[in-house]
Amino acid sequence: MEMKPFLYLAARLGISLPSASLTWLTSLFVFNAEFWEASLLGLGGGIIPFYTMKFFQNRSLLRSYGLTRQEYKYIHENLKEAQKKISRLQGKQFQIRSLSAMRQLNDMIKFSRRIFSIVKKDPKRFYASEQFFFYHLDSAVELTDKYTMLVTQPVKNKEVLSSLEETRKTLHELNSSLEEDLMKVLSNDIDTLRIELDMAKKSIEQKS
């Protein structure tokens with residue numbers, strides 16, 4: 001779980017639980033309400049501030065991301081699907097016997113997880129990585145499934161060996177595409193770093 005949502009949840013619980021307890025105690029001992037009535041009022045005294053705070057926290061979070069609610073929901077759904085696909089890739093690691101193919105798969109998982117974590121932290125970057133989410137990750141899963149299916153076949157005739165070699169080559173090309181996807185996601189950071197380096201160099205030159 002990301003730190004900000006966790007802190008938001010802690011804040012909601014920190015307000016709603018004391019509110020529920022205070023409402024229950026006040027209803028029971030000050031207004032002499034029945035136990036079940038006090039319990040219902042206490043429940044309401046906790047639920048209302050909990051969901052009121054959640055509404056404003058979500059609105060604040062969306063504003064910080066620069067996204068609408070619909071955009072955030074759309075990106076969140078795609079992240080959930082991507083997480084499942086990355087888990088499928090990870091599950092194939094121990095089914096591959098070729099060292100070169102294993103390295104390719106490890107790189108594929110590394111690039112995919114890095115892109116996923118960056119977009120999860122900053123959802124607006126999803127739009128710079130749409131090719132990864134809609135094409136390259138799907139291709140990675142399909143090709144890896146195909147490769148592991150072929151490699152476990154008891155018969156290794158010329159056709160199977162040729163298909164394995166072709167799949168390995170395609171996986172290598174796909175890794176290059178995933179690396180490009182990662183660079184696209186990081187492009188703003190790289191540009192910012194270059195600007196900061198240029199400014200630092202100019203500052204050093206002026207002082208000297």
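Return the lysines within reach of LYS158: Cα separation strictly under 18 angstrom, same-chain partners fewer than 8 residues apart disregarded; answer none if there are no such residues.
LYS146, LYS169
Loop-only check: which chymotrypsin sites (Phe, Trp or Tyr not before Pro) in region 1-92 are DSSP coil with at most 11 other Cβ within 10 angstrom?
Filter output for region 1-92: PHE31.
From the list (1) 26.2, 86; (2) 34.9, 140; (3) 20.0, 66, can you say which value of Rg and Dmax of the Cα atoms in Å was derived from the structure given?
(1)
Rank the residues ASP107, ASP181, ASP138 as a footprinting-exposure proxy: fewest other Cβ atoms within 10 Å of their Cβ go first.
ASP138, ASP107, ASP181
Provide the per-residue ³J(HN,Hα) series for region 91-100, in order, calculated from phi with Karplus coefficients 6.51, -1.76, 1.60 and θ = phi - 60°, each as a whole number of Hz, with x at glycine and proline positions.
x, 8, 4, 8, 9, 9, 9, 6, 5, 5
Out of residues 5 or more away from ALA33 or on other chains, whose amide H comes under 5 Å of its own, with H placed 1.01 Å from N in the peptide plane?
Amide H neighbours of ALA33: LEU28.
Readers should treat all values here as calculations from the given coordinates under stated rules, not as data from a laboratory. Note that this is a predicted model, so its numbers are computed, not measured. Using ideal geometry, Cβ is built from the backbone for each residue, glycine included, and neighbour counts are taken over all protein chains shown.
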